[in-house]
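Before any comments, here is the structure.
Nothing in this text is a laboratory measurement; each read-out follows from the coordinates by a stated rule. Keep in mind that what you see is a predicted model, and the values were worked out from it rather than measured. In this analysis, Cβ positions are derived from the backbone assuming ideal geometry, glycine residues included, and neighbour counts consider all displayed protein chains.
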Amino acid sequence: MKSVFIAGSRKFYIEIENLVQKLENKNIKVAAAGKWNKGQEDTPESEKNALLNAFKKIDEFDIVYVFSKDGYVGKTVAMEIAYAYARNKIIISSHEIEEMSANVLIKNISSPDNLIEFCIEK
């Protein structure tokens, strides 16, 4: 069974957490970038730590699933996509990504349900 790291903008935090739960319910190893506290102000140090933590997680997982609702990914997610590509990870997106430089690195587009099937395939 394949494992999944989910990359996505904070604006989709709740939807990403719901997807994490859905994958966990299917016994798929999954992680997202981490918890987000709306009330906590971002600093250069906190952003650096979050990005380096995401890179470490990308190294541990087979697939990077980009949650890109309506084609949106922020700059941080674009960096995660580039890192995953450089590490030869399978990169799948929920939607076609607006940003062409990130979109060209995507292997395919897949709904969460199709992602689950892909992870379970032997």
To test your reading of the geometry: what angle, between 0 and 90 degrees and rounded to tens, separates the Cα axis of helix 44-60 from the longest principal axis of the chain? 20 degrees
Reported label for calculated Cα extents along the principal axes in Å given (1) 42, 31, 26; (2) 53, 46, 32; (3) 80, 28, 25: (1)
Under a 5 Å amide H to amide H cut-off, with H placed in plane at 1.01 Å, what residues pair with residue 90 once short-range neighbours are removed? 64
Under the rule of -39500 (n - 2.57) per DSSP H run of 4 or more residues, summed and divided by the residues of the chain, what mean residue ellipticity at 222 nm is obtained, to the nearest 500 deg cm²/dmol? -13500 deg cm²/dmol
What is the sum of charges, Lys and Arg at +1 and Asp and Glu at -1, for the other residues whose Cβ falls under 11 Å from the Cβ of residue 22? -3
